[in-house]
Amino acid sequence: MGGPRPAETAVAGGPGRVHLLERPDLLRARLKAVPAAPGVYLFRDEQGQVAYVGKSANLRDRLRSYFAAPRSHPARIGKLVASAVDFEVVATGTEQEALILENTLIKRHRPRFNVRLRDDKNYLYVRIPQALVGTGAPETPAERLAAYPRPEFSRRIRADGARYFGPYTDSGALRRSVRELRAAVPFRGCPDAIFRRRRICLDFHLGICAGPCEGRISPLAHRELLEQAAEFLEGRTGAVRAELERSMGEASAQLDFERAAALRDRVRAVDRLTSEQATVPRTGGAVDVVGMATQGGSGMAAVLLVREGRVQAAERYPLDGLGDVEPAEALSSFVAQHYAASPSVPARVVLPFAVPEERLLQEYLEGRRGGPVRLLVPQRGHLVAISQLARQTAEAALEQSRVSQDFDPARAAAVLAELADLLGMSGPPRRIECYDISNTMGEQSVGSMVVFEEARPKPADYRIFGIKDVEGPNDFASMEEVIGRRFRHLAAAGEESLGRRPDLVIVDGGEGQLAAAHRALTALGLESIPHFGLAKRFEELHKVGGGEPVHLARGSASLFLVQRVRDEAHRFAITRHRARRQRAGLRSRLDEVRGLGPKRKRALLSRFGSLQGIKEASLEELIAVPGITRPVAAALKEIL
């Protein structure tokens, strides 16, 4: 398997890359492949630099809005769209996570189309300074301020030795949380000017300050309060609570009931804050979350860098040479190669599934890190949700890569030439048609026809055939009927799909289905059209007249193309068969209701959407539908 490399979702290279607006067919296909989920998107310019970073609750809709009517955009957005040659997407769990990630990526890439307004503000951090505790009591104002520092809010991180927590998006909620935190951990919160007055203020009487201004707490004890605040912000509330309970027990044993009561109130404050934060996922520390997606011979890995519970970045790596490699082996190989080139290894790496020789891989990573490393495969909890985001990011990147490959003329020509050579064809099969049959014990049988042109799907030419002349579950006869009906339209004028002659016909099935298709083509004098049967068991192409089937190399681009064509025909057939079966079941149930004609059926379906919706509706809701009387509604409830 080839090593990881940065993902590219457009034609490789620097200057000269094709602009998105110049390839509307590619653009439409890529936009369709974008997930309709919250996340962040990045536009890249001709030099491959990030030109713009944005966020959206629905990535697909937001990206479509850029290209739907580019001339109607403001000048800045118009220039952005005109200069974009590529885009990338990163899935997130919520819009708030997308907001944080957007800000992080803007700071990292400094895109030229991201305008920072004068009143633009960064997100808040909580800054806890390092307390300087000497051997003696602090005397000068500077010594006292150094011994009793107060946590504060900051909009940037400085290299000043202090600890920073965040970023936080809602400044109001953060300030309220810190005030509530002081009820559990009463550190100093007053400004330096007030602290210099050396007399207690209202905060002390409210129980949210320990009174360092009057020396009612030692510098060492106040530093312990800051440590507890830091632990709380890191999510280690259990340690804080345990320490408070221990101190409360000591106070009770010493009959210091006033102090024990104060500590009890602080324990209750911790419990209150913990219950309010229980639904917030916390990973703590540095965690890398790996996701992987494979399709045919292609693969994509994604690594989400999670720091203090926030996704800081997302990297994508296409995987080459997968072939017959099992996903677990491919994942293990990727992780080893990725961290061999990485400057840092986190203490925890979340994987989507177990890998072979896990202990060996773990020891390798520990050697790279110089400390312990845990490989986690989460089964429940918030890590499962983050792992799913990594998988979705990998799947989105793989789909974008696949769509881009579909629209790469050089790659398509090479794949089609390879397939033509293997099948003994005189020229590349630029138009491929594939057929499949779907039914349930012979009921509601349908035949599907899907079309691939230049090695990519052409959904506008798909067709579905309801089986008319075959009774019972007879796939061979059904295939013969479908092929015969389709090719009788071959020379029909004005039929863009059925009127075109394919270069290659593939039927889903083995020798029996192929023989049925051959009979239908021969009856129409079209047996010269190359046609093969694809048997799923061994993924081999059967030829007319028998003989040794054509075996396509495992992991080859030609096999992947043939499998995609067959799988698409199967999907299309099953989808349409299920729809017919549901409609038939709906009609049969509603036909039992006296007084329910076609017009009233349409009204019910328009109002409730499905048979299940009608079934779940109350009697009064049914009567509210125009034309539905109480007796009809009662009959509906009884039958359904």
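Going through ARG456, ARG485 one at a time, which residue ends up being within 41 Å of the chain's Cα centre (by Cα) and assigned by TED's automatic domain parsing to the domain that holds LEU541? So that I can check it myself, show each step before the final result.
Numbers: ARG485 fails: within 41 Å of the chain's Cα centre (by Cα).
On inspection, the qualifying residue turns out to be ARG456.
Scanning the range 417-473 for residues that are hydrophobic (A, V, I, L, M, F, W, C), crowded, with 16+ Cβ neighbours inside 10 Å and assigned to a loop (DSSP other than H, G, I, E, B) yields ALA455, ILE467, VAL470.
Evaluation of ALA293 against the conditions (1) at pLDDT below 80; (2) outside the structural domain of GLN130 (by TED's automatic domain parsing); (3) in contact with a strand residue (DSSP E or B) (Cβ under 8 Å, 6 or more places away or on another chain) shows that the sole unmet condition is (1).
Could you please let me know if GLY367 is closer than 30 Å to PRO549 by Cβ and without any contact (Cβ under 8 Å) to a residue 12 or more places away in the chain? It would help to see each step written out before you state the result.
Working: closer than 30 Å to PRO549 by Cβ: no; without any contact (Cβ under 8 Å) to a residue 12 or more places away in the chain: yes.
The answer is no for GLY367.
Considering the range 216-237, the residues that are at pLDDT 85 or above and hydrophobic (A, V, I, L, M, F, W, C) include one that is farthest from VAL287 (Cα to Cα), namely ILE217. The criterion of at least 2 residues that are in contact (Cβ under 8 Å) with a residue 12 or more places away in the chain and more than 40 Å from the chain's Cα centre (by Cα) is met by none of the strands (runs of 3 or more DSSP E) wholly inside the range 497-561. LYS458 passes every criterion in (1) touching a strand residue (DSSP E or B) at 6+ places or on another chain (Cβ under 7 Å); (2) closer than 19 Å to LEU416 by Cα; (3) in contact (Cβ under 8 Å) with a residue 12 or more places away in the chain apart from (3).
Going residue by residue through the range 88-110, is there one that turns out to be part of a loop (DSSP other than H, G, I, E, B), surrounded by 14 or more Cβ atoms within 10 Å (Cβ to Cβ) and modelled with pLDDT under 70? Steps first, answer last, please.
Just the residues of the range 88-110 that are part of a loop (DSSP other than H, G, I, E, B), to begin with: 92-94, 110.
Those left that are additionally surrounded by 14 or more Cβ atoms within 10 Å (Cβ to Cβ): 92-93.
Next, from what is left, pick out any that are modelled with pLDDT under 70: none.
The answer is no, given that none of the residues of the range 88-110 is part of a loop (DSSP other than H, G, I, E, B), surrounded by 14 or more Cβ atoms within 10 Å (Cβ to Cβ) and modelled with pLDDT under 70.
Pairing residues of the range 242-265 that are modelled with pLDDT under 75 and surrounded by 12 or more Cβ atoms within 10 Å (Cβ to Cβ) with residues that are hydroxyl-bearing (Ser, Thr, Tyr) and assigned to a helix (DSSP H, G or I), at Cβ distances under 7 Å and at least 6 apart in sequence or on separate chains, gives ALA260/SER252; LEU263/SER247.
Quick one: would you say PHE187 is of a type outside the set (Ser, Thr, Tyr) and modelled with pLDDT of 80 or more? Walk me through it before giving the result.
Details: of a type outside the set (Ser, Thr, Tyr): yes; modelled with pLDDT of 80 or more: yes.
Spelling it out, PHE187 is indeed of a type outside the set (Ser, Thr, Tyr) and modelled with pLDDT of 80 or more.
Of all residues in the range 335-391, those being surrounded by fewer than 17 Cβ atoms within 10 Å (Cβ to Cβ), under 21 Å from the mean Cα position of the chain (by Cα) and in a helix (DSSP H, G or I) number 4.
Table: residues versus (1) closer than 14 Å to ALA91 by Cα; (2) in a loop (DSSP other than H, G, I, E, B); (3) modelled with pLDDT of 80 or more.
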| residue | (1), (2), (3) |
| --- | --- |
| MET300 | no, no, yes |
| VAL303 | yes, no, yes |
| VAL311 | yes, no, no |
| PRO318 | no, no, yes |
| LEU322 | no, yes, no |
| VAL325 | no, yes, no |
| GLU329 | no, no, yes |
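Total residues in the range 145-173 satisfying the condition of being at pLDDT 85 or above and touching a Phe, Trp or Tyr at 6+ places or on another chain (Cβ under 8 Å): the figure is 6. The set of residues in the range 590-623 being outside any helix (DSSP H, G or I) and either crowded, with 17+ Cβ neighbours inside 10 Å or more than 41 Å from the chain's Cα centre (by Cα) (or both) consists of ASP591, GLU592, VAL593, ARG594, GLY595, LEU596, GLY597, ALA617. Taking the range 192-210 as the range and being at pLDDT below 85, buried (at least 17 other Cβ atoms within 10 Å of the Cβ) and part of a loop (DSSP other than H, G, I, E, B) as the test, the residues that pass are ILE208, ALA210. Determine, yes or no, whether PHE476 is out of contact with any Phe, Trp or Tyr (no Cβ under 8 Å at 6 or more places or on another chain), surrounded by fewer than 20 Cβ atoms within 10 Å (Cβ to Cβ) and hydrophobic (A, V, I, L, M, F, W, C). So PHE476 fits the description; yes.
The values are calculated or read from the model by the stated rules, or taken from the named source; none is laboratory data. Computed from a predicted structure; not experimentally measured. In this analysis, Cβ positions are derived from the backbone assuming ideal geometry, glycine residues included, and neighbour counts consider all displayed protein chains.
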